[in-house]
Each structure stands twice: as C-alpha cells, then as structure tokens.
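The values are calculated or read from the model by the stated rules, or taken from the named source; none is laboratory data. Nothing here was measured: the structure is a model prediction, and the numbers come from that model. Counting neighbours? That spans all protein chains shown, and the Cβs are built from the backbone with ideal geometry, glycine included. Just so you know, the surface numbers come from the protein's heavy atoms only, side chains and all, with ligands and any DNA or RNA stripped out. Shrake-Rupley method; radii C 1.70, N 1.55, O 1.52, S 1.80 Å.
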Amino acid sequence: MAAYEYAEGGSNEAAMEYDPLFVPDPVKSFVVHLYRHIREKNVYEIHQMYETSFHTLSDRMFKDTPWPSVEGVAQYVDNDHVFCLLYREMWFRHLYARLSPTLKQRIDSWDNYCSLFQVVLHGVVNMQLPNQWLWDMVDEFVYQFQSFCQYRAKMKNKTEQEIALLRQHDQAWNVYGVLNFLQALMEKSSIIQILEQEKEGTEQFTSTDGYDYNGGSNVLKVLGYFSMVGLLRVHCLLGDYQTGLKCLLPIDITQQGVYTSVIGCHIATIYHYGFANLMLRRYVEAIREFNKILLYIYKTKQFHSKSPQYEQILKKNEQMYALLTVCLSLCPQVKLVDETVNSQLREKYGEKMSRMQRYDDEAFALYDELFSYACPKFITPSAPSYEEPLVNYNQDAYRLQLKLFLYEVKQQQQLSVVRTFLKVYSTISVEKLASYMEVDETTLRSILMTYKHKTHSVGADGKTISNADIDFYISDDLIHVVESKTPKKYGDYFLRQIVKLEAVIGDMDRIKLE
C-alpha cells in the first residue's frame, strides 16, 4: 500500500472552495494506480483500492465536496473512455452518498450509466473487475432509479426550471429504460444458459466466483448475474412480486452462489426474496430464508464491522427481524426458526408478537408499524401530469401496498381463534366448535374455508403449498385435525453427540491417574 499513502489535512482546503478541475496529488496517485491495475487485470489490487483507498480518500478529502471531475483526471489516464465512465460511476455514487444531487446531476448520472452499459453490451470490454464493484454498479443503478422516482413525485415545491428540465429529459430514469438495461445485460451475458450448464457440470461459474482465469473478462457475465437480483428489486419496488421472483429463478438460493460472495448482494437478494414471498402469502418460504440469512449475519457481522456496507448490513438485519415477526404472527411456524434467531427475535419483538396475536386495533397498529419500517421504498414510476395542479404523490405507492397488506391481515383476523381450538382437539364436531366460537355453523364453515384458503398459496412451480402447522379435513360433520410434523434431523443430532463425546474423552485424557 506504500504507493497509495495519502497526505493528511486536505479536507479543510477542499471544503473551502471546490474546483472540479483541481486534482490533488493523492487523487492523481489513486487514479494512475487504479488505471494501471485495471489494464493489468490485477483484481486483488483493484479490490483493495476500490474498497479501502477510495473510502479513505473520501473520508479525508471529500467529506462534503465531490471528487475532482472526470475532465480533471482524464489526462492522467490517457483519456481512456471506459476508465472515465467507471470513474464517473464512482464519482456519482460518492455524490449520492455524501451530498444532495441536483436534478441536472441525476440526469447526468443516468446518461453515464447508459454509456457504460452500452459499452459493456456492444463494445469490447477486456478487463476483470471485483464482484463487489460490479454488484455496487447494479445496486446503485436501481437505487438512483428509486431515488429519482421519489424526487420527481414531490412536485409541490418544484421550480419552473426543474419542471422544464423534467419535461426536456423525460426519458431519464424511465422505468422501461431501467428494466431494458437489466434485461439486456442478463440476456447478452447468457448467464441463464451458463448456470444451466453448471448444473450439468460443463461450466465453472460459481466455483470461480464468476472470474475468468483464462485471461478473459468477467464484467458482462457477472453484471448479467447481478442484474437478475436488480430485476427482483425493481419489481418489488413496483409491487409486482410474481415477476420479481420469476426473474430470480435461475439462481438457486438454497445453495451457495456468486450472490453470496458479496454480503450486500446476499442480504439484498434474501430481503427482497423474503418480502415478495410474504406478500404472496408464501410465509413458510419467507420464514425459512429470513431465518438462514439472520443466522448468517449473526455469525459473521463482526467480520464486516470495518466495511463501508456495515451500517446497511445492520439496518437490513433489523428490517428482516421485523418482517420475520410479521411472518410468524400470520403463520406461527416457530419450529422453522433457529434457537439463536428465536432468542434475538424474542428480545427485539417478543412483547409485540404476543400483542399482534390479538387482532384488535392495537395489533393492526403494530402490523402497520412493522410493515412501514421494514418494507422497500415503493415507487410510482410514471411521470406526473404537468398540466394538472402540482401535488406530491411520492407516498401513493407505499400507501397502496400498506392498504393491501392490512386488508390481508384483516381477513386473517379469526384464523388465530380457529387455530387455537384446532391445536387442542384431534377431532371435534362442527356444531361444538361453532358453539365455542359463538357463531352459527354456516359462518363457521365459511371461516374454515377461509383458513384453508389463507394457509395455502401457489408456489413458484404453480403447485399449491401449505403454510399451516395445523391442518384439518371434515368428514360427516366431524373435523379431523392433522398436525404437521417436521422430520427429525438425525444427522445433526448424531454430529452433536460426537462433538460432546470428543469433549468428554479430552477431559478424561487430562485427568492424571494416581
């Protein structure tokens, strides 16, 4: 790292007056070395500079100003077109993270992504970039799209100049443009075919983490791979969960994959996958995946404490605990949750979970609160009508999704009562259960049909799946209860006993016999 030693004390001068064409010596050194490593395909060094040096320089010199403009640094990198596009991509990302972008800057960032993705799709990209950087490109692309939609939807206080600029650049961050780029990257990379061939043993994409060790480029293939996660995220923001999950189908999330090589991607994938399943009433699937990722974060978060993504990891961790609370309140399946996750859950939301079971006004307020805290920032992708009075409509999409969710919760109001009785009996007559629940038999049958409907959903393969831990069937006005039993995992038990036995043998070996 000696080549990238950075001078202290640059931040005050930078904060006083920002000159986009002034390039401090540490930045010259940074871009020259980064350019050289990219040309040499030295992924390890690129990763070190991208993950560490860029953030170190940002903290020291550009806390409240942008980096030097691409026009300023271009002369130090042979005016290389592709490098300049990559530099601008990082420049805009830093701007979004540290400052407030203007409308012009938002549009310029869209133009830069268009140029960058056009080069990847139609040019010759002969370089290897770290997976972290390629994921951040897709992640930031979707984030800036979401941010632009939220910004544009706040029409009330827009100036005439801003409205004129919005009208002029009506294709910037257009939803079809965003979806088309992600779709094009996925298709041009042939990533679906590559993953299929990997299952047959004729490809090695996951085992090499997407890198090409034969001197080729990983950029298109890995961008295509991450674009599937990007598409899932965009469709979740639009409230189209079915299509989002369909886009992710080529990735087997029950296995390790390239998406697990970058923790930000791993968390974003499971967060959106779990949320989409929650909204489609596939609670068991959502619980299973939330449980796995929360356990993973619990075990590994200390290794990421110095990472720039650490705050985001913690935030998503808390949001997924809130979503897991919602899933378990609507579909009690505690057997699917690991003891470590369960104890964390009880600590964070134990009291709220017990109140949510009551289905009164307070319970609905808690469902509202947890959903609002943990849901994605939904967007309205269409442009406003400039002829009508200008109003803010940035909350409309969120309110609609919240309304649909709470309507679903309302429909399940009496199911917890039915479930409580079904847990007590193995058989009970319809008449007797109706009297216990203080409803007539016709109403009870309607409630039981609702229970059947709400505890079953359609899986990704089109087959009906059950979310119920208690099920039943009716024969001759008699309700027969069937409790689902989770299969015992003898392997885990066997391995735990071996570890215990080895510990005992170790203790015995240490005892000195007289």
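Side notes on the structure shown:
- Residue among Arg93, Arg36, Arg98 that alone is at negative phi, without any contact (Cβ under 8 Å) to a residue 24 or more places away in the chain and basic (Lys, Arg): Arg36
- For the stretch 353-377, residues that are modelled with pLDDT under 90, buried (at least 17 other Cβ atoms within 10 Å of the Cβ) and part of a helix (DSSP H, G or I) total 3.
- Among residues of the stretch 87-110 being open to solvent by 10 Å² or more (accessible area, probe 1.4 Å) and small (Gly, Ala, Ser), the one that is nearest to Leu34 (Cα to Cα) is Ala97.
- The residue of the stretch 309-330 that is surrounded by the most Cβ atoms within 10 Å (Cβ to Cβ), among those that are over 22 Å from Asp360 (Cα atoms) and touching a Phe, Trp or Tyr at 6+ places or on another chain (Cβ under 9 Å), is Met320.
- Subset tally (residues that are open to solvent by less than 10 Å² (accessible area, probe 1.4 Å) and not in a helix (DSSP H, G or I)) for the stretch 66-86: 2
- Complete set of residues in the stretch 258-301 that are open to solvent by less than 10 Å² (accessible area, probe 1.4 Å), of a type in the set (Gly, Ala, Ser) and either without any contact (Cβ under 8 Å) to a residue 12 or more places away in the chain or within 21 Å of Ile192 (Cβ to Cβ) (or both): Ala276
- Selection over the stretch 164-197 of residues that are open to solvent by less than 30 Å² (accessible area, probe 1.4 Å) and either under 20 Å from His122 (Cα atoms) or not small (Gly, Ala, Ser) (or both) gives a count of 13.
- One residue stands out in the stretch 111-122 among those that are touching a residue at least 24 places away in the same chain (Cβ under 8 Å) and open to solvent by 20 Å² or more (accessible area, probe 1.4 Å): the one that is nearest to Lys41 (Cα to Cα), namely Val119.
- Scanning the stretch 31-61 for residues that are of a type outside the set (A, V, I, L, M, F, W, C), open to solvent by less than 40 Å² (accessible area, probe 1.4 Å) and within 29 Å of the chain's Cα centre (by Cα) returns Tyr50, Glu51, Ser53, Ser58.
Condition check ((1) in contact with a Gly (Cβ under 7 Å, 6 or more places away or on another chain); (2) assigned to a helix (DSSP H, G or I); (3) surrounded by fewer than 16 Cβ atoms within 10 Å (Cβ to Cβ)) across all residues:
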{"residue": "Thr380", "(1), (2), (3)": "no, no, no"}
{"residue": "Pro384", "(1), (2), (3)": "no, no, no"}
{"residue": "Tyr398", "(1), (2), (3)": "no, yes, no"}
{"residue": "Leu404", "(1), (2), (3)": "no, yes, yes"}
{"residue": "Tyr407", "(1), (2), (3)": "no, yes, yes"}
{"residue": "Val418", "(1), (2), (3)": "no, yes, no"}
{"residue": "Phe421", "(1), (2), (3)": "no, yes, no"}
{"residue": "Thr443", "(1), (2), (3)": "no, yes, yes"}
{"residue": "Ile447", "(1), (2), (3)": "no, yes, no"}
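- Residues of the stretch 87-108 that are under 24 Å from the mean Cα position of the chain (by Cα) and assigned to a helix (DSSP H, G or I): Glu89, Met90, Trp91, Phe92, Arg93, His94, Leu95, Tyr96, Ala97, Arg98, Arg106.
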